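As C-alpha cells, the structure follows; a few thoughts come after it.
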Amino acid sequence: MTQRNPFTDRLDGDAAAAPCTVVIFGASGDLTSRKLVPALFNLHLDGLLDPASAIVGFARREMSNDAFRGQLREVAAKHSRRPVESDTWDRFASGIEYEVGDFADAAAYRRLAERLERIDRERGLRGHRLFYLATPPSSYVPILAGLGGAGLSHAGGGGFARIVIEKPYGRDLDSARTLNRAVGTVFEESQVYRIDHYLGKETVQNILVFRLGNGIFEPLWNRRYVDHVQITVAESIGVEGRAGYYDQAGVLRDMLQNHLLQLLCLVAMEPPVRFEADAVRDEKVKVLRALRMPAGAAAAHEVVRAQYAAGLVGGAPVPGYREEPGVAGDSGTETFLAIRAEVENWRWAGVPFFLRSGKRLPRRATEIALVYRRPPLLFFRDGDTPAGRRGEGIEPNVLALRIQPDEGISLSFGSKLPGQKMQVEDVRMDFLYATSFGSDPPEAYEHLLLDALEGDSTLFARRDEVEIAWGLADGLRATWGDDSGPPLLSYPAGSWGPAEGTALIGPGRRWRRV
Amino acid sequence: MSLAAGGTERVTLAGSAGGPLDVERLERDLASMWKAASDRTGGTAVSRACSSTLIALFPPPAPPGTEEIVAALSRRHPCRVLRVERGDAGGPPLTASAGAVCHLRGDGQGLICTEEIRIVVAPGAEERIPSAVRSLSLGGLPVVLLALDPAALATREFAATAADAHCVVVESASARDLVAERPAGARDLAWSHGAALRRALAVAADDRTAAQVLEQSVRIEVQYGGDGAPPAAALLLAGWVAAVSGRTAIGRDEAPPRAATVRRPASTGSASAARCEFHPRPGGPSGLRGIAAFDEGGRRVQATLDAGAHAAAIEGPAGTWRMTLRPRDRADEVIEEIHRHLPPPAFAAALACARALGRSLEA
C-alpha cells in the first residue's frame, strides 16, 4: 500500500507536492512536447509544482541545456492551456536540464545519478525523484535496467523514487507479464505508476463522485433499472504519423484494452470501502474478473471489427487506412471495434455493455451512456405510434456522461409538450463543466503528474489489473483467427462504422449519436 | 441592449469567421464564443438553448419564405442550425462560418441564443455535404432535416443526409413531387397545410348524417388559390377523404382536366366511386381554400377557410357554423411535425391515394 505523509492530510487548499526532480526519458519526443511539459508548466503556474523542483530530460540527441529549454518553451507556447509569459517561464525553466545518453548505456545512468545528486544539493531537494518513461515501449526494459544498475530505483535520505510508465503496457498478456517482471526486479509495486491518461480526465474522475457522492443515482445503477450501457470512444483522426505503432496495435490494443476497459470498470465497479488506491483498484479488478467478453461462436455476432476505407470526414476527403503512409497495403489491422460484453455479477447480470471505438468516425467524442428500461405501460400518447401502449414508442431515459468534448452529464427524460394535447417529448437536462464552474478543467496529465508526485496511485493501473485486461484482449483476439470468428469488415471514413456495427446492438436499441 | 421582451428582434454573436470548413476549429471557435458571450452582450445573461440539430438545405433559389421559417424555428424550437447553401465556383469546396442568434427571453431577463453554422458548398462539392453535417451534428440530440424545395429530394446529398436524420421534413409542391421517392417516415408540410380542413371535416362528421355524406360521397371538390395545377396539399386532402371512406383505387377519368375518380377496390355499389375535382380560385390567396363532399342525393358537407385562414365555415345537413382556427404559420407546422414521433397512419393512406390521383391528373 502507498505510504502517505499524515501531516499533508486535510491541509486547507491545494498544497504543492514535495519538491522533486522529474526525469523524462524520451525528452525529445511528441508526448513530452505536447503533454508533459505543458502539464508541468501549468502545475507550476498553479503553485502545485514546488518552485525548487527540477526537470531533467534524457534522450539520445545531443543538446545543450539552453537549447533544450528553448525547445520546450516553443512547444509549451503551442500546447499549454495558458499563455507562456517570460517571467513565469523563466522561473519554471531555471530548473530544466538535459542529459544526453543512450538508453542502453550504463555510463549514461551513472552520469544521470551524479547530475541528480548535484541538483539535490543545489536546489535543496531531498532525493525525491519521479522517472517518466515517455519512450517507445521497446526502450522500457533497457531503461529499467539502467536505473536499477545506477541505484536510482531506491532514493536515499528519506526521498522517494517513483516511475511512471506510459501505455502501451505490453502488447499482450505474455509481454505485459514480462514487462511487469522487469519492473518488479527494479521497483516495488508501490513505486510504479502505470498511466492511462483517460483516468486523469475530470469527467472520468467525476464518474465516481457522481455515483457515490449523490444519494439519488446509485440506487438506479443496476440491472433492475438499466437496460444496457454504451461506451463510445470515437476519433475523427486517422493514424496521424503513428502508423508503425498503430498497425501493430489496432483499436483492440490502442483503445479497448486500456481506455474502454478502464471506463467500464468505473461504471460497473462496486463502491470501494475507502477512496484509496488499493481499495479502488480492488473493485476494478473484480469487474474485470467478472467481465465476459465474446468468445467462441458468440464472437461472430457479438464482435464487429472493421477497417476504414477512403471517405469524407468533416467534408474533407481522407485516404483509406491501407493508403495511409507507413501502413501495409494488405494490413489486416482493425480500426473499428464494437463489442457486446457482460459483467457477470450480482449487480449487472443480464445487462449488455456495448463498447465501441474507431478511427475516422464523424466526430471526436467519448461518452458513457446508461440507457434505462422503458416504463411498462405508455399512457400519454395520441395514438400515433404503432407500438400502442407497451412503451416501445418512446425514448428510454438516458444518463450520459460525456468525457469529451463538452465535458458534462446529461439526463434525458420525457416531458409534456406545452399545449392541450398529452404529448410526450424527450428533453435533456444538462450539466456542462465549462459553464457551471467557469474555468477550464486541468488537463489529464496535470492531474496524473500531480498524483504521482504526491504518491497517490488511485488513478493508475495496478499490475494485476493490467494483466487481466490483457488476458481479456488476448481472448478476444484469439477468436479472430478462427474461420467462425468476426471477419474484418470495411467502413467508409466519416461514417459511424459498418452496418454490422450498427446492428450489433440488437433490435429495440440503437447506438447513441455522440 | 434595447430588445423588447418576447419580441422578434435578433442579436447575433460572431463565433467563427468564414473560411474553409474545419470542424475542429469551428467547434473551438463556438466554445470560445459561448465563454465570452455574456461580455459581448454587455453583461446580459446568455442561455445557450438547443434541443436538436436542424439541417436546412437551401438550394438556389430557396423557396419563398425559407429564410423566415428557419429564423422562426431557431427562436421557437431552439436548435443548432446548419444552413447549407450553394456558393459560386472557384472557392474551396466547403466554407463555413458560425455564430449565434439571440432573442430576449419572454420575461426580459437575459437572452436565449442558438447556434447557427453556415456552410457554403461550391459547385461539384455536393457529395461532401452529408459528411460535413454528420460531423457538425450535436451528440445525443435528434437531427432534423428540413428540405423545403422538392427539387432537393432528388439529390444524392439529400438521400445521404436523410439517412442520418431522425426526422425529415419536406414540402411537396405538386403532384410530381408526391411521386418522388422520399425517406420512409418523412413528414410532408403539404399534409400539414390541410390540417385545418381535415379538422373541420372531422368536426362536421360528429353529426351522423354528415358522416354518411362523407362516406357515401360521389363527388369531392377541393378549392385552392391560384390558377395552376392543384398543389400537393390539395391532392393529399382529397386523398385523405377518399382513403378514409375506403376509396383507394383510381379509375381512368374521361372527364375534364383536374378531375379523377376514386373507387372502392372490391365494391360495385352505386356509391363506390367518387369523382375528385380540383378547382382553382384565381386572384385569392394561395393555398387550400376549402373542400366539399356531395352524396348521390345532393347532400353536401363543406368546409371553407376564410381569407386569413383564421376560421373555417362548416356546412352540412345539420346546419352551418364557424370554427375559429388557431393561427399557425409554416414554422408552427414544421415544429408540429418535428414533435410528431411518427407520421400518422392516415398520412400513408392519403399519400398513396394522392400519388395515384396526381398520376391520373398528369396523364
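Please find, among B:Gly110, B:Gly90, B:Gly124, the residue that is open to solvent by less than 10 Å² (accessible area, probe 1.4 Å), more than 10 Å from chain A (Cβ to nearest Cβ) and over 25 Å from the mean Cα position of the chain (by Cα). Even if it seems obvious, please write down each step before you answer.
On the way: B:Gly90 fails: open to solvent by less than 10 Å² (accessible area, probe 1.4 Å); B:Gly124 fails: open to solvent by less than 10 Å² (accessible area, probe 1.4 Å).
Selected residue: B:Gly110, the only one of B:Gly110, B:Gly90, B:Gly124 that is open to solvent by less than 10 Å² (accessible area, probe 1.4 Å), more than 10 Å from chain A (Cβ to nearest Cβ) and over 25 Å from the mean Cα position of the chain (by Cα).
Quick check on B:Ala348: is it in a helix (DSSP H, G or I), modelled with pLDDT of 85 or more and within 14 Å of another protein chain (Cβ to nearest Cβ)? Outline the logic, then answer.
On the way: in a helix (DSSP H, G or I): yes; modelled with pLDDT of 85 or more: yes; within 14 Å of another protein chain (Cβ to nearest Cβ): yes.
Spelling it out, B:Ala348 is indeed in a helix (DSSP H, G or I), modelled with pLDDT of 85 or more and within 14 Å of another protein chain (Cβ to nearest Cβ).
Keeping to region A:407-429, report how many residues are facing another protein chain (nearest Cβ under 9 Å) and open to solvent by 70 Å² or more (accessible area, probe 1.4 Å).
1
Looking at the structure I just gave you, is B:Val70 of a type in the set (Val, Ile, Thr), open to solvent by less than 20 Å² (accessible area, probe 1.4 Å), in contact with a Leu (Cβ under 6 Å, 6 or more places away or on another chain) and assigned by TED's automatic domain parsing to the domain that holds B:Thr41? Show your work before the answer.
Details: of a type in the set (Val, Ile, Thr): yes; open to solvent by less than 20 Å² (accessible area, probe 1.4 Å): yes; in contact with a Leu (Cβ under 6 Å, 6 or more places away or on another chain): no; assigned by TED's automatic domain parsing to the domain that holds B:Thr41: yes.
Criteria not met by B:Val70.
Among the helices (runs of 4 or more DSSP H) lying completely within region A:29-112, list those that include at least 3 residues that are open to solvent by 30 Å² or more (accessible area, probe 1.4 Å) and not aliphatic (A, V, I, L, M).
Working: elements: A:37-45, A:65-79, A:86-93.
Passing ranges, in order: A:65-79, A:86-93.
Determine, yes or no, whether A:Ala309 is within 30 Å of A:Pro507 (Cβ to Cβ) and open to solvent by less than 20 Å² (accessible area, probe 1.4 Å).
Details: within 30 Å of A:Pro507 (Cβ to Cβ): yes; open to solvent by less than 20 Å² (accessible area, probe 1.4 Å): no.
Answer is no for this residue.
Here is a yes/no grid of residues against (1) part of a helix (DSSP H, G or I); (2) buried (at least 20 other Cβ atoms within 10 Å of the Cβ); (3) outside the structural domain of B:Leu214 (by TED's automatic domain parsing):
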site: B:Ile291; (1), (2), (3): no, yes, no
site: B:Gly298; (1), (2), (3): no, no, no
site: B:Arg322; (1), (2), (3): no, no, no
site: B:Arg328; (1), (2), (3): no, no, no
site: B:Ala331; (1), (2), (3): yes, no, no
site: B:Val334; (1), (2), (3): yes, yes, no
site: B:Ile338; (1), (2), (3): yes, yes, no
site: B:Ala352; (1), (2), (3): yes, no, no
site: B:Leu357; (1), (2), (3): yes, yes, no
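So is A:Ser495 within 11 Å of chain B (Cβ to nearest Cβ), over 27 Å from B:Thr161 (Cα atoms), touching a strand residue (DSSP E or B) at 6+ places or on another chain (Cβ under 8 Å) and among the hydroxyl-bearing types (Ser, Thr, Tyr) or not?
On the way: within 11 Å of chain B (Cβ to nearest Cβ): yes; over 27 Å from B:Thr161 (Cα atoms): no; touching a strand residue (DSSP E or B) at 6+ places or on another chain (Cβ under 8 Å): yes; among the hydroxyl-bearing types (Ser, Thr, Tyr): yes.
The answer is no for A:Ser495.
Regarding B:Ser135, is this residue in contact with a Gly (Cβ under 7 Å, 6 or more places away or on another chain), without any contact (Cβ under 8 Å) to a residue 24 or more places away in the chain and either more than 14 Å from every other protein chain (Cβ to nearest Cβ) or surrounded by 18 or more Cβ atoms within 10 Å (Cβ to Cβ) (or both)? Lay out the reasoning, then the answer.
Numbers: in contact with a Gly (Cβ under 7 Å, 6 or more places away or on another chain): yes; without any contact (Cβ under 8 Å) to a residue 24 or more places away in the chain: no; either more than 14 Å from every other protein chain (Cβ to nearest Cβ) or surrounded by 18 or more Cβ atoms within 10 Å (Cβ to Cβ) (or both): yes.
Taking the combined requirement at face value, the residue does not satisfy it.
Given the conditions (1) under 20 Å from the mean Cα position of the chain (by Cα); (2) within 12 Å of chain A (Cβ to nearest Cβ); (3) not acidic (Asp, Glu), report the number of the one that B:Thr95 does not fulfil.
Every listed condition holds for B:Thr95 apart from (1).
Out of curiosity, is B:Arg83 in contact with a Lys or Arg (Cβ under 8 Å, 6 or more places away or on another chain), crowded, with 17+ Cβ neighbours inside 10 Å and either more than 14 Å from every other protein chain (Cβ to nearest Cβ) or touching a residue at least 24 places away in the same chain (Cβ under 8 Å) (or both)? It would help to see each step written out before you state the result.
Numbers: in contact with a Lys or Arg (Cβ under 8 Å, 6 or more places away or on another chain): yes; crowded, with 17+ Cβ neighbours inside 10 Å: yes; either more than 14 Å from every other protein chain (Cβ to nearest Cβ) or touching a residue at least 24 places away in the same chain (Cβ under 8 Å) (or both): yes.
When the stated conditions are applied, B:Arg83 passes them.
The values are calculated or read from the model by the stated rules, or taken from the named source; none is laboratory data. Every value quoted in this text rests on a predicted model; they were computed, and no experiment measured them. Counting neighbours? That spans all protein chains shown, and the Cβs are built from the backbone with ideal geometry, glycine included. Just so you know, the surface numbers come from the protein's heavy atoms only, side chains and all, with ligands and any DNA or RNA stripped out. Shrake-Rupley method; radii C 1.70, N 1.55, O 1.52, S 1.80 Å.
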